[in-house]
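S.K.: The structure that follows is given in the form of structure tokens.
The values are calculated or read from the model by the stated rules, or taken from the named source; none is laboratory data. None of these values were measured; they are calculated from a predicted model. Glycine gets a Cβ as well: all are built from the backbone with ideal geometry, and neighbour counts include every protein chain shown. Just the protein is used for accessible areas: all its heavy atoms, side chains included, with ligands, DNA and RNA removed. Shrake-Rupley method; radii C 1.70, N 1.55, O 1.52, S 1.80 Å.
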Amino acid sequence: LHLCDRRQRQMCIRDSSLYSSLKYSPMKTLKLIKNDPWLAPYKQAIEGRHNRAVEKISELTGGTGNLSDFADGYLYFGLHKENGHWVFREWAPNANAIYLIGNFSNWKERPEYRLLAIGRGVWEIKLPLDTLHHLDFYKLSVHWPGGQGERIPAWATRVVQDPETYIFSAQIWDPEKPFVFSKKPFRPQTSPLLIYECHIGMAQQEEKVGSYTEFKEKILPRIVADGYNAIQIMAIQEHPYYGSFGYHVSSFFAPSSRFGTPDELKSLIDEAHKMGIAVIMDIVHSHAVKNEVEGLGRFDGSYNQYFYGDHRREHPAWDSLCFDYGKNDVIHFLLSNCKYWLDEFRFDGFRFDGVTSMLYYNHGLGQAFGSYDDYYNGGQDDNAIVYLTLANELIHQVNPRAITIAEEMSGMPGLAAKFNDGGIGFDYRMAMGIPDFWIKTIKEKKDEDWKPTAIFWELTNRRSDEKTINYAESHDQALVGDKTIIFRLIDDVMYWHMSKGDTNLIVDRGMALHKMIRLVTLSTINGGYLNFMGNEFGHPEWIDFPRQGNGWSYKYAHRQWDLVDRNDLKYQYLGAFDEAMIHIISQKKKFERTPIVKLCENDGDQVLAFLRDDLLFVFNFHPFKSFNGYGILAPTGEYEHILSSDDPAFGGYGLIDMKVKHLTRHDPLFEKDNKEWLMLYLPARTAQILRWKKPEPGETKNASKSKKSAGSIKKENKSKKK
């Protein structure tokens, strides 16, 4: 908790060696600005933010730059065993008396359980070891000027709800034989990063709340078989209302007890690592639940302990409270929270929720973000930006291989750029415009108006120095009030015509486009890809958690895995296609780094083709035109099919002969570009992947010895129809 005083801080900042240790030199232009000349007019603002982060790191660490040591609050606060005693500490500067209460005190204030104020708003109590026991319940009775209330400790690591009274309490978790992780260190596979987004409670087939153990035993094997190499778990931090999807957090250091014990969560993570699966946690530091008894709302009776005390206190859209990122004690609490999940549970990183809301004073609400001016107009919350920068620095100090992802929709430059380049330091940013694009396309455009130029631009329109996570849909599109892609395409017809052998044009169209959308979104990644559980096989139900409006039913708060397991239903086709495309990409090391070479982009024919290393991706989005011998200018060589969305195994018609190998045809007009004509059959609404085999040295350049001219091939493209 040591903080430099103002004078010491200024001395640290002037020390030139500090700039070197903190990755900043005031004599050099930041790489973020060098990479993007359009940012030059905002040089002062960008460098100013960077300098403020440097200064804050110096202030918090006494000039050492070691944020990891600073973020050890979870080892100090809360309940611990120290030197033969139980020791409990809490930060509550507005309190004038605090008692530890629980079943050990008959839930009454007793003098032997009164905490002592030890300075700087910190309270402490030491108790003999035989006073408290494993599974005991406890809370705090906090007194402040003019009031008193029961509170769950802010640093509690286990919080449970009484099934009869529905009251939450902290619980001591001190098993005789605590869980021990496997000793083998885990290194996440991030090239490419393929994320399976999931929710423990609704991951089960049964209409109930699933458990960590059930997820480990039943769902992890499915994810491994599908080829994904990471899971992104939602709703881990304890939250009073199950239907909040985990976004109204009350206890930031407690894994949700709805799903099991802390040790069972550790066992799940350990098993995932043994299977080669990285585990990313969906962390919520953008806001907190308003509850005062369960949460931090008025923990010590004041309104501004953890949150703003003025008009910024309540989030205008989320019915929640906004952290005051300008207070060092709040930064300490949140940074310690990041380190706690990495250290105690061995999570491999975080997806930070609601980053846009943090970056702007107006939370990004009602703002278009149409130009760079919108990112540097004074409406940005520099305190929040500094906190996010520090969080990324800390996480990568604790684990250099950790993964950090920003859920952010404004497109702020530098969000996923390195700190020493002038960025905020995330490894990835969510490409949130892509699912919006697909929704808009499906809702508003006729099939004949799906333009490859628009599709390709949307999927590849990103900053070259920042990695993104592409996704066609996530949990957001599966919630009540929205629709998944498959439901937008097929709607209620899928309830009656998803049996194999049942031919239905609406289902055929929906399945064909579902496969194409997912493949084109995956194949254009520059960082990673994400899918929400069940969407890969076209799960038919939306997500609706138990609430008063639905009679507290779990009918829509689970996953129907039996649909994809049944051999008589077409869901199996969609699941098989997803597995096939994920396996192809996962086996291609550094696929996301390979350049995307556009070979064909024909809006009239609705054909798109591009090459990545030795993989050629070809899409015919046309609803009824099939092309025989469609010419695509491609590098010279041989091409063989490795995937077709029209394969009968994926619910297609088998119109493409996968055994045929294609040799390019010579055209003297393109000889200097080392390009030749690749002639392919492109059925309507299909996608295919071909592997390019380069000619061996000494091989004849024109293996097909075709002398067709460019003019004749172009004419052929226009005339060929099925």
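S.K.: Count, please, the residues in segment 563-584 that happen to be out of contact with any Leu (no Cβ under 9 Å at 6 or more places or on another chain) and open to solvent by 40 Å² or more (accessible area, probe 1.4 Å).
M.R.: Residues that pass the stated criteria total 7.
S.K.: Tell me which of these Arg120 doesn't satisfy, since it passes every other one: (1) at negative phi; (2) surrounded by fewer than 19 Cβ atoms within 10 Å (Cβ to Cβ); (3) of a type in the set (Lys, Arg).
M.R.: Answer for Arg120: the failing condition is (1).
S.K.: List pairs: first residue in segment 108-120 and of a type in the set (Phe, Trp, Tyr), second residue open to solvent by less than 80 Å² (accessible area, probe 1.4 Å) anywhere in the structure, Cβ distance under 7 angstrom, at least six positions apart or on different chains.
M.R.: Hits for this filter: Tyr113/Tyr99; Tyr113/Leu100; Tyr113/Ile101; Tyr113/Ser105; Tyr113/Ile125.
S.K.: Name every residue in segment 577-607 that is under 25 Å from Leu530 (Cβ atoms) and among the β-branched types (Val, Ile, Thr), in order of residue number.
M.R.: Correct list: Ile582, Ile584, Ile585, Thr594, Ile596, Val597.
S.K.: What number goes with the only condition from (1) open to solvent by 40 Å² or more (accessible area, probe 1.4 Å); (2) in contact (Cβ under 8 Å) with a residue 12 or more places away in the chain; (3) part of a loop (DSSP other than H, G, I, E, B) that Gly378 does not pass?
M.R.: Every listed condition holds for Gly378 apart from (2).
S.K.: So which residues in segment 190-205 are out of contact with any helix residue (DSSP H, G or I) (no Cβ under 8 Å at 6 or more places or on another chain) and open to solvent by 40 Å² or more (accessible area, probe 1.4 Å)?
M.R.: Scanning segment 190-205 gives a single hit, Thr190.
S.K.: Within segment 329-343, which residues are over 19 Å from Arg89 (Cα atoms) and open to solvent by 10 Å² or more (accessible area, probe 1.4 Å)?
M.R.: Scanning segment 329-343 gives Leu342, Asp343.
S.K.: Do the conditions hold for Ser626, that is, is it closer than 30 Å to Arg691 by Cβ and open to solvent by less than 10 Å² (accessible area, probe 1.4 Å)?
M.R.: The answer is yes for Ser626.
S.K.: If you go through segment 633-643 one residue at a time, do you hit one that is among the acidic types (Asp, Glu) and within 24 Å of Met581 (Cα to Cα)?
M.R.: Yes.
S.K.: While we're on this one: Looking only at segment 351-375, count every residue that is touching a residue at least 40 places away in the same chain (Cβ under 8 Å) and surrounded by fewer than 19 Cβ atoms within 10 Å (Cβ to Cβ) and tell me the total.
M.R.: Total satisfying the criteria: 5.
S.K.: Sort out which residues of segment 332-343 are closer than 16 Å to Ser251 by Cα and not aromatic (Phe, Trp, Tyr), and write them in order of number.
M.R.: Result: His332, Leu334, Leu335, Ser336, Asn337, Cys338, Lys339.
S.K.: Filter segment 542-562 down to the residues that are among the hydroxyl-bearing types (Ser, Thr, Tyr) and surrounded by 15 or more Cβ atoms within 10 Å (Cβ to Cβ), then identify the one that is nearest to Leu522 (Cα to Cα).
M.R.: Of everything passing the filter in segment 542-562, Tyr556 is nearest to Leu522 (Cα to Cα).
S.K.: Between Arg665, Arg685, which is of a type in the set (D, E, K, R), in contact with a helix residue (DSSP H, G or I) (Cβ under 6 Å, 6 or more places away or on another chain) and modelled with pLDDT of 90 or more?
M.R.: Arg685
S.K.: Can you tell which of Gly301, Gly326 is open to solvent by less than 10 Å² (accessible area, probe 1.4 Å) and part of a loop (DSSP other than H, G, I, E, B)?
M.R.: Gly301
S.K.: If you take the residues of segment 51-86 that are among the hydrophobic types (A, V, I, L, M, F, W, C) and under 28 Å from Gly146 (Cα atoms), which of them is least open to solvent (accessible area, probe 1.4 Å)?
M.R.: Taking the candidates together, the pick is Phe77.
S.K.: Can you pull out the strands (runs of 3 or more DSSP E) entirely within segment 183-282 that have at least 1 residues that are within 15 Å of the chain's Cα centre (by Cα) and modelled with pLDDT of 95 or more?
M.R.: 193-199, 230-234
S.K.: What residue, among those in segment 595-610 that are surrounded by 15 or more Cβ atoms within 10 Å (Cβ to Cβ) and either over 21 Å from Asp447 (Cα atoms) or hydrophobic (A, V, I, L, M, F, W, C) (or both), is nearest to the chain's Cα centre (by Cα)?
M.R.: Within segment 595-610, the match that is nearest to the chain's Cα centre (by Cα) is Ile596.
S.K.: Based on this model, can you work out whether Asn535 counts as touching a helix residue (DSSP H, G or I) at 6+ places or on another chain (Cβ under 6 Å), among the polar types (S, T, N, Q) and at pLDDT 95 or above?
M.R.: no
S.K.: Out of Lys208, Lys218, report the one residue that is of a type in the set (Lys, Arg), under 27 Å from Ile469 (Cα atoms) and open to solvent by 10 Å² or more (accessible area, probe 1.4 Å).
M.R.: Lys218
S.K.: Which condition number does Lys108 fail, the rest of (1) under 25 Å from Ile167 (Cβ atoms); (2) crowded, with 16+ Cβ neighbours inside 10 Å being met?
M.R.: (2)
S.K.: Output the residues belonging to segment 666-693 that are under 30 Å from Arg518 (Cβ atoms) and open to solvent by less than 30 Å² (accessible area, probe 1.4 Å).
M.R.: Trp677, Leu678, Met679, Leu680, Leu682, Pro683, Ala684, Thr686, Ala687, Gln688, Ile689, Leu690
S.K.: Of all the residues that make up segment 287-298, how many are open to solvent by 10 Å² or more (accessible area, probe 1.4 Å) and not aliphatic (A, V, I, L, M)?
M.R.: Total satisfying the criteria: 5.
S.K.: Please specify each residue of segment 140-166 satisfying the condition of being open to solvent by less than 10 Å² (accessible area, probe 1.4 Å) and either more than 13 Å from Ala92 (Cβ to Cβ) or touching a Gly at 6+ places or on another chain (Cβ under 7 Å) (or both).
M.R.: Val142, Pro153, Ala156, Val159
S.K.: Across segment 221-275, which residue is most open to solvent (accessible area, probe 1.4 Å) among those that are within 24 Å of Ser191 (Cβ to Cβ) and acidic (Asp, Glu)?
M.R.: Glu271
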